[in-house]
Amino acid sequence: MYKLIACDLDETLLDDQGRVPERVRAAISEARGLGVRFVPSTGRPFGSVTPTLEELGLAGARDEYVLSFNGGVITENADMKPLTSCSLDPATAERLYEFGVERGLCTHVYLLDCVYVHNLVPSERAYLEKRMRTVETHDPTLAFAQGRPVVKILYMSLDMTELGGIERELADAGATRGLDVVYSSNRYLEFNAPGVNKGTGLLALAERLGIDRADTMAIGDNSNDVPMIRAAGLGVAVANATDEAKAAAGYVCADDNNAGAVAEAIERFVLGRS
């Protein structure tokens, strides 16, 4: 039986209103009753996961965990203090941030305890309101970080073709050499430190808990979920996943995030219902 389920949040676990569907809550509760750990795995900061943990009855729970910042940070739900951490090289972070500012891109800067956003466009402001708190900045440099480690940087655009062109341009210039670069939520181009991805995060947590890789399941929908979908004993893509995520998965759900795809996977592979 699968002992650890790592699950993406946005567009996977959560419906389009940012909530966990009732069917999913029930399936997770039943799986936990069998001793299965359910681990939210997100590109967002760990603090932003608290409302979801509360919905699932996992808030403040000992020996239950969150993978945040695309797997770069592991926290235990009991105190939400980082057990692991990661950061971009300072010069790389500065270069990526200033590039975003110069191009007029909506640019996120993730610190461990805060997310700053430059050029917070209306569509992004509305999207973030139900997901996490941010601080708007107009600073042309990373001076506002005051020397604190930058965990990751991302650019937002509703035009994925634009983001693809930006990725190629930066790669050609050598600005992203060695970085883990992924897409998420069909609106983000993310730059993570070398080796930081949800797959390495999942395997690190499994090792910490003494759980064999074969006994892990990962569920996701987008490019940043592909490393954990591939790393897990069983990788699952929801029906609304990208083609890349579906191609990486061992199982593709018939249901999407709104219909309870996560419950479908748990019912089939943990609870034994076909």
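Every read-out reported here was derived from the displayed coordinates using simple, explicitly stated rules and does not represent laboratory data. Note that the coordinates shown come from a computational prediction; the quantities given were computed from them, not determined experimentally. Methodologically, a virtual Cβ is constructed for each residue, glycine included, from the backbone with ideal geometry; neighbour enumeration extends over all protein chains shown.
Each row is one residue, and each column tells you yes or no for (1) in contact (Cβ under 8 Å) with a residue 12 or more places away in the chain; (2) under 12 Å from the mean Cα position of the chain (by Cα); (3) part of a helix (DSSP H, G or I); (4) surrounded by fewer than 23 Cβ atoms within 10 Å (Cβ to Cβ).
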position	(1), (2), (3), (4)
L189	yes, no, no, no
L202	yes, yes, yes, no
E207	no, no, yes, yes
I219	yes, yes, no, no
V226	yes, yes, yes, no
A239	yes, no, no, yes
Study note, to complete from the structure: Of the residues in region 260-274, those that are more than 28 Å from E207 (Cβ to Cβ) and surrounded by fewer than 18 Cβ atoms within 10 Å (Cβ to Cβ) come to R273, S274
Practice item. Taking the residues in region 75-94 that are of a type in the set (A, V, I, L, M, F, W, C) and assigned to a loop (DSSP other than H, G, I, E, B) as candidates, determine which candidate is farthest from E167 (Cα to Cα). Key: A78
Check your understanding: Tell me, which residue of region 3-26 that is surrounded by fewer than 24 Cβ atoms within 10 Å (Cβ to Cβ) and small (G, A, S) is farthest from L154 (Cα to Cα)?
Key -> A26
Practice item. Could you tell me whether any residue of region 243-260 is touching a residue at least 60 places away in the same chain (Cβ under 8 Å) and either among the basic types (K, R) or within 20 Å of G33 (Cα to Cα) (or both)? Key: yes
Check your understanding: Out of all the residues in region 129-151, is one or more buried (at least 17 other Cβ atoms within 10 Å of the Cβ), free of Cβ contacts under 8 Å to residues at least 12 places away in the same chain and under 29 Å from N240 (Cβ atoms)?
Key -> no
Practice item. Look at region 191-200 and say how many of its residues are under 30 Å from A126 (Cα atoms), part of a loop (DSSP other than H, G, I, E, B) and not β-branched (V, I, T). Key: 2
Review point. Does region 74-83 contain at least one residue that is within 23 Å of S223 (Cβ to Cβ), crowded, with 21+ Cβ neighbours inside 10 Å and under 16 Å from the mean Cα position of the chain (by Cα)?
Key: yes
Practice item. Please work out if L158 is surrounded by fewer than 22 Cβ atoms within 10 Å (Cβ to Cβ) and assigned to a loop (DSSP other than H, G, I, E, B). Key: yes
Point to revise | Of all residues making up region 95-129, the number that are in a helix (DSSP H, G or I), among the aliphatic types (A, V, I, L, M) and over 21 Å from the mean Cα position of the chain (by Cα) | key: 1
Practice item. Name the single residue, out of those in region 94-128 being buried (at least 19 other Cβ atoms within 10 Å of the Cβ), among the β-branched types (V, I, T) and out of contact with any Ser or Thr (no Cβ under 7 Å at 6 or more places or on another chain), that is nearest to N192 (Cα to Cα). Key: V109
Point to revise | Residues of region 177-187 classified as in a loop (DSSP other than H, G, I, E, B) and either in contact (Cβ under 8 Å) with a residue 24 or more places away in the chain or surrounded by 19 or more Cβ atoms within 10 Å (Cβ to Cβ) (or both), total | key: 4
